[in-house]
Structure formats: structure tokens, C-alpha cells
Amino acid sequence: MGRLFGTDGVRGVAGRDLTAELAMDLSVAAAHVLGDAGAFHASVGRRGRPIAVVGRDPRASGEFLEAAVVAGLASSGVDVLRLGVLPTPAVAYLTSALGADLGVMLSASHNPAPDNGVKFFTRGGYKLPDAVENEIEQRLGEKWDRPVGSSVGRVRDAYGEADRYVAHLLTTLPHRLDGLRVVVDCAHGAAHMVAPEALLRAGAVVETIGAAPDGHNINDGVGSTHLDALKEAVVERGADLGMAYDGDADRCLAVTGDGQDVDGDQIMAILAMAMHADGRLVRDTVVATVMSNLGFKIALRNAGLTMVETAVGDRYVLEAMQEGGFNFGGEQSGHVIMLDHATTGDGLLTSLHVLAEVARSGRSLTELASVMTKLPQVLINVRDVDKAKASTPELVAAVARAEAELGDSGRVLIRPSGTEPMIRVMVEAEAPETAASVAGHLADVVRTVCA
């Protein structure tokens, strides 16, 4: 069996790959790794059993997976607070705010409804480093002394803690949203209650789509991976702009009043400029992945800001932020991390701050997003190839020739897939025809030398 943990927890088709038995075993192992150290209790001035918080998105499978996780934790001697349906960043925040020793989120993010996942947070609300995930895997199925009697964990519902999360978000706002008319697409997901509530309390006039989850419709034609419904709603209703979350609301994308999409790079550019102007951007540096558009890097450079690049994945962005002491970063996909206010990507937090900048500046989202010009970007997924050959001399030479042809006005990225026999070819250039031509040529080279 390969490694269970992927780039963001353990995921699979619920009931087939991610079974109740596996969810229970994972929670037991996580309790032993994250909840056994007595230093946890001393450091927060608390004695007694470890405490865990558990949240989920509205997928039907989340109901039985939650029961399995809670059973595993409580049978390991961990007290459990069931948070109910809440965004992933809310679970991360409440792990810290409630002094819990660990947090658990059940969600498969932007994946379709049959999928689900188990994601853990350490005390303080941070995602697990690889070493801790490995230790949890190694302790799956180990023999252990089972608590009995008064030593077993207790379980109680803590659904009211959603308001604590919303209140926290509102304390971060630099400007109210009075007068802004916003359409919010909640992806029939975890944000369907808290997102409209937070925006209303911040002063916005809010209309919603994708806010009626039935357990099976999450991300189905709505949300940040399907923006057409939001674009149509914004234009039809004459809203100032729209915001779209994914299933667990750890990311967001935006739509302008005339129905144009605004991606994560543009959102980061807007917020970075605002933070720089207010003196809040640490060392005038933004952390982003290699997939960010070259136009984003150029916009930052023109504003006197610096960009630190990482591998793809918000966990790598966070690691670089922590190592460098930076407070802002994210991904083109809409994961934006504002470390002054959150320990992970938070779509609702991000959207509130974008809206606050629109309200503060009196400028439209279209005007604000124009701070950067996206270079045409072409991505070709070359499937059924040997990704181990991605660094062969022939391909390296072809990439060097392409980079010389593009010069400073473009770039090339060859990236093996982390989960499939596939190599991704990404090319950016000033002209879409150039990007398509260079990408097509490099894809042909990949098919030839990586067969």
C-alpha cells in the first residue's frame, strides 16, 4: 500500500477507499500521536484528557465518517467537541481558539460528492508536517491500552462555536462593506451558513446561490471550480461583484460586475498592494507557487515588492511563510493565507478583505484587478508517459531553447504529476499564439522522450 496521506490529508471515494474503519483507525492513531504528550496540557494551563474538535462539510458520507472519527477519538480517551458543518479554516481557527490538542475536518474540498477526506490539525490549528503524517500512518493498527470507565473520552455538540469564527473574521476587517451588493456562491458546501452571515454583519447586501446543500450536490456546477453560474447571477442581478468558494471554503475566486473572473493571482495582487500601502506586508514580500502567472510577478516587481516561489500546494506556501517570517501568500487557485489572521487558507477571510478594499477605495473590482495583466498561459497535460524522465537531457535542452526564444517576456514550466502518469507542460508568453505554439512543441518532445 502506498502512502495514505496526499497533499491535503487522506482522500478517496467514501465507503470504498475511505471507509468507516479506516477513518476510525486514523483517528485512533492521530489521538496517540497528537494527544498523548502531557506537554500539550501544561502549555495551555489545562489538566485532564486531550480535547479534539471535529467539523465536516455537508456531504452525506460525512455523517458516517464523523461518527467513526468521533468513536475513534473518544475510545482513545479524547474529549470531542462536534462543530457540525463548518469550513476547513473555521475548524483550524477553533482548534486554536478552544485550546484543543487536535482538530479534524472531514471534506474533499472541490472534489465531487462521492469523495471525502480526513484532514488533521495540530494544536494551534496548523496542518500536519510530513513527519507527523508518517508517524500517524506507522501507528495504524498498533496494539494499545484501551481506556475504560471514567477514562474514556466524552462527546458533546458545540455547534454554537460557528459564531465565534464569524466574530473573529469580523474583527480582522479594515473597512466595513456598507453599500456593496454581492452575490455569494457557496458551492452547496461548508460555507452555506457562515458566509452569508459574515458578509451581512459586515454591512454588505448579500444574495446567494449554491447555498442549499442536500448531501449530494456539493460542487455540482457551482463554486470556485464552476464560475459560470455566478457570472450569470452577478450580471442578471446587477450586483457589484460575486464571490465563489469551494466545498470546504478554504479558497475563493471572484467575479466582476460585468461577469469577468478574477483568479487567485489577481486577488493576491489586490490584497498585497493594499497591505503594502498600509505598511502591513512584512518585508514587502508575497509567497506564491511556481504556477502563479508571470504577470503577477511583474506587477509585484513594478510595485517594488518581492515574490518568493514555492512548489505547488498551499502547505508549501505556508512552510515558506513560516520559515521566512512572511505574513501573506497563496495560490492561483484561490488559496490565500493571511497569517496575521489565520493559520491556513481561508476563502471567507479572503473575500471579506477583497470586499473591504473595494469599499475603502471606491473602485470597482475590475479596476482593482487591473493592477496586473495576466500573460496568456497554456497548460497541456501529457498523459501516459514516464514522469521519471522529465529531467532527461533531451527535454532539458528543449526547455532551454524555448526559454531562450521567449526571453524575459515568457516562461516554461515542466512539472510531473504527483498522482498520475502525466507530465504537465505550462508556457506563458505575451501572445497566446506564441504560448500555444511553444507548449505544443514541448508536449510533442515529452511524448517522444518520455514514452
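The values are calculated or read from the model by the stated rules, or taken from the named source; none is laboratory data. Here the structure is a predicted model, which means the values were calculated and not measured. Here the Cβ positions follow ideal geometry from the backbone for every residue, glycine too, while neighbour counts run over all protein chains shown. Heads up: the accessible areas ignore ligands, DNA and RNA and are worked out on the full protein's heavy atoms, side chains in. Shrake-Rupley method; radii C 1.70, N 1.55, O 1.52, S 1.80 Å.
Here is the figure for region 352-371: residues that are touching a Leu at 6+ places or on another chain (Cβ under 8 Å) and either in a strand (DSSP E or B) or not β-branched (Val, Ile, Thr) (or both) total 9. Within region 152-174, being open to solvent by less than 80 Å² (accessible area, probe 1.4 Å), part of a strand (DSSP E or B) and either touching an Asp or Glu at 6+ places or on another chain (Cβ under 9 Å) or more than 17 Å from GLU66 (Cβ to Cβ) (or both) holds for one residue alone: VAL155. The residues of region 86-118 that are under 17 Å from the mean Cα position of the chain (by Cα) and part of a strand (DSSP E or B), listed by number, are GLY103, VAL104, MET105, LEU106, ASP115, ASN116, GLY117, VAL118. On inspection, ASP246 does not qualify as more than 25 Å from ASP314 (Cβ to Cβ) and modelled with pLDDT of 95 or more.
Quick one: in region 85-128, of everything that is open to solvent by 10 Å² or more (accessible area, probe 1.4 Å) and within 14 Å of ALA191 (Cα to Cα), which residue is modelled with the lowest pLDDT? So the residue we want is HIS110. Scanning region 404-419 for residues that are under 28 Å from GLY189 (Cβ atoms) and either in contact with a helix residue (DSSP H, G or I) (Cβ under 8 Å, 6 or more places away or on another chain) or in a helix (DSSP H, G or I) (or both) turns up at least one hit.
Answer yes or no as to whether ALA212 is aliphatic (A, V, I, L, M) and either open to solvent by less than 10 Å² (accessible area, probe 1.4 Å) or modelled with pLDDT under 95 (or both). For ALA212, the condition - aliphatic (A, V, I, L, M) and either open to solvent by less than 10 Å² (accessible area, probe 1.4 Å) or modelled with pLDDT under 95 (or both) - is not met. Here ARG82 fulfils each of the conditions (1) under 23 Å from the mean Cα position of the chain (by Cα); (2) of a type outside the set (A, V, I, L, M); (3) part of a helix (DSSP H, G or I) apart from (3).
Please pick out the residue among ALA249, ALA195, ALA191, ALA244 that is within 19 Å of the chain's Cα centre (by Cα), buried (at least 24 other Cβ atoms within 10 Å of the Cβ) and at positive phi.
Just one listed residue meets the conditions, ALA249.
Is it the case that some residue within region 355-364 is aliphatic (A, V, I, L, M), at pLDDT 95 or above, out of contact with any His (no Cβ under 7 Å at 6 or more places or on another chain) and open to solvent by 30 Å² or more (accessible area, probe 1.4 Å)?
Filtering region 355-364 for residues aliphatic (A, V, I, L, M) gives 355-356, 358-359.
So of that shortlist, the ones also at pLDDT 95 or above come out as 355-356, 358-359.
Retained after the next criterion (residues that are out of contact with any His (no Cβ under 7 Å at 6 or more places or on another chain)): 355, 358.
Adding the requirement that they be open to solvent by 30 Å² or more (accessible area, probe 1.4 Å) leaves none.
The answer is no; no qualifying residue exists.
If you check MET273 against the conditions, is it open to solvent by 10 Å² or more (accessible area, probe 1.4 Å), touching a strand residue (DSSP E or B) at 6+ places or on another chain (Cβ under 9 Å) and touching a residue at least 12 places away in the same chain (Cβ under 8 Å)? Answer is no for this residue. Only one entry in GLY295, GLY221, GLY259 is in contact (Cβ under 8 Å) with a residue 60 or more places away in the chain and either over 30 Å from PRO114 (Cβ atoms) or of a type outside the set (D, E, K, R) (or both), namely GLY295.
Among the numbered conditions (1) surrounded by 14 or more Cβ atoms within 10 Å (Cβ to Cβ); (2) closer than 30 Å to TYR245 by Cα, the only one that VAL385 does not meet is (2). Somewhere in region 328-343, is a residue modelled with pLDDT of 95 or more, over 15 Å from GLY264 (Cβ atoms), in contact with a Pro (Cβ under 7 Å, 6 or more places away or on another chain) and open to solvent by 10 Å² or more (accessible area, probe 1.4 Å)? Yes: region 328-343 contains one or more residues that are modelled with pLDDT of 95 or more, over 15 Å from GLY264 (Cβ atoms), in contact with a Pro (Cβ under 7 Å, 6 or more places away or on another chain) and open to solvent by 10 Å² or more (accessible area, probe 1.4 Å). Tell me, please, whether a residue that is touching a residue at least 12 places away in the same chain (Cβ under 8 Å), assigned to a helix (DSSP H, G or I) and not acidic (Asp, Glu) can be found in region 328-346. Checked region 328-346: no residue is touching a residue at least 12 places away in the same chain (Cβ under 8 Å), assigned to a helix (DSSP H, G or I) and not acidic (Asp, Glu).
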